[in-house]
1. Could you list, in their original order, any pairs among LYS29/LYS269; LYS130/LYS216; LYS216/LYS275; LYS30/LYS269 whose Cα atoms are separated by more than 26 Å?
2. Give me the one-decimal nm value for the distance between modelled label points at ASP231 and HIS82, 7 Å along each residue's Cα-to-Cβ direction.
3. Looking at the range 180-244, which trypsin sites (Lys or Arg not before Pro) are in a loop (DSSP not H, G, I, E or B) and have at most 13 other Cβ atoms within 10 Å?
4. Give the calculated FRET efficiency between ASP255 and THR121 to the nearest 0.05, with a Förster radius of 45 Å applied to their Cβ-Cβ distance.
5. Please compute the length gained on full extension between GLN24 and GLN134, using 0.36 nm multiplied by the number of residues separating them and subtracting their Cα-Cα distance.
6. Taking K and R as +1 and D and E as -1, what net charge do the other residues with C-beta under 15 Å from the C-beta of ALA152 add up to?
7. Projecting each Cα onto the charge dipole of the range 10-290 (Lys/Arg +1, Asp/Glu -1 at the beta carbon, about the Cα centre), which of GLN56, HIS25, LEU102 comes out farthest on the positive side?
8. For THR121, THR249, what's the fewest-to-most ordering of other Cβ within 10 Å of each Cβ?
Amino acid sequence: MPANRFNGFTEYGVGIGLRIPHYQHIFEKKPVVDWFEIISENYMVDGGRPLQVLDQILDQYRVVQHGVSMYFGSAQPLSREHLKRLKTLVRRTNTPWLSDHLCWGSVDGRYTHDLLPIPYTWEAVKVTAKRIRQVQDYLEIPIVVENVSSYAEYHESEMAEWEFLNEVVEAADCGILLDVNNIYVSSQNHSFDPLTYVNSVPSWRVAQIHIAGHSKYRKYILDTHDHPVIDPVWSLYARAIERCGPTATLLEWDDNIPSFDEVHAEALKANRYLKRATVPNLPPGALNKVREHPLETR
Ligand SMILES: [Fe+2]
């Protein structure tokens, strides 16, 4: 019996982000890694070195695509050209799902290159879910949306962030990339209990989890991905795994990147929790929902 709609992927284990400083080590040593996460935008090109590297990786490893510029919460129409290029890459990598952020970041064709929080309103639920469905329908693979870390809130918000996430994924019928470090960072910046967040997400929709380190300043925390994971984030991760069961897990390390072995060793600490994870019981009706959905047959 499936644990969730992404049940086929619960054996994915622990991955790390594919980063340029590690290329040489990976090609020379061929380390055993469960999977690599790539940033889609780095490989949406017509040819050249990026695609040569990607093809070499694909020869030996499983790859999952993660995007940084879909801006599901932006109001402007989706870029057809961007989606076309993304679909070409999806076919090349055979990614089992595609993740991007639950955020906005573009207005009238201008891009901020930031992952900005969305006002948690019913109107935004509608707009965001519609865009996710459009992308999901076009790419013909499951879309999973990631919660971002945030440093600002809106007076207009009509619900908590985790309620907004729940409403969006329900309306879009998509998956979740639960970033427990982002939850921790935002909980410190906005004074909420991070466990309430983790306990509130629909566990059967969580396809992937992100863990990462961050930087702490006197009055706020910045999501810098340049440190090992701290214990309170591991505790949130443990609770998420307890609720979601075995879930594909990815360590993000994007700045001051240490050696491949150091990053991989930090990521593999997740196995402490994954190895003892059990398949959770589903809430009544959850499986029917999964079976009704056409994605299940793909
Ligand atoms: Fe993340």
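1. On the way: LYS29/LYS269 21 Å; LYS130/LYS216 36 Å; LYS216/LYS275 30 Å; LYS30/LYS269 20 Å.
Flagged as over cut-off: LYS130/LYS216; LYS216/LYS275.
2. 4.2 nm
3. On the way: sites: ARG205, LYS216, ARG218, LYS219, ARG239, ARG243; in loops: ARG218, LYS219.
Sites meeting the loop and neighbour criteria: ARG218, LYS219.
4. Details: r = 33 Å, r/R0 = 0.73.
The computed FRET efficiency comes out at 0.85.
5. Details: separation 110, 0.36 × 110 = 39.60 nm, distance 3.82 nm.
Result: 35.8 nm gained on full extension.
6. Working: positive: LYS219; negative: ASP114, GLU153, GLU156, GLU161, ASP223.
Residues near ALA152 contribute -4 overall.
7. Checking the options against the dipole of the range 10-290, the answer is GLN56.
8. Numbers: THR121 15, THR249 28.
Sorted ascending by nearby Cβ count, the order is THR121, THR249.
Laboratory data are not the source of any read-out in this text; all were calculated from the coordinates shown. Remember, predicted model here, so these are calculated numbers, not experimental data. No Cβ is skipped: glycine too gets one built from the backbone with ideal geometry, and neighbour counts run over all protein chains shown.
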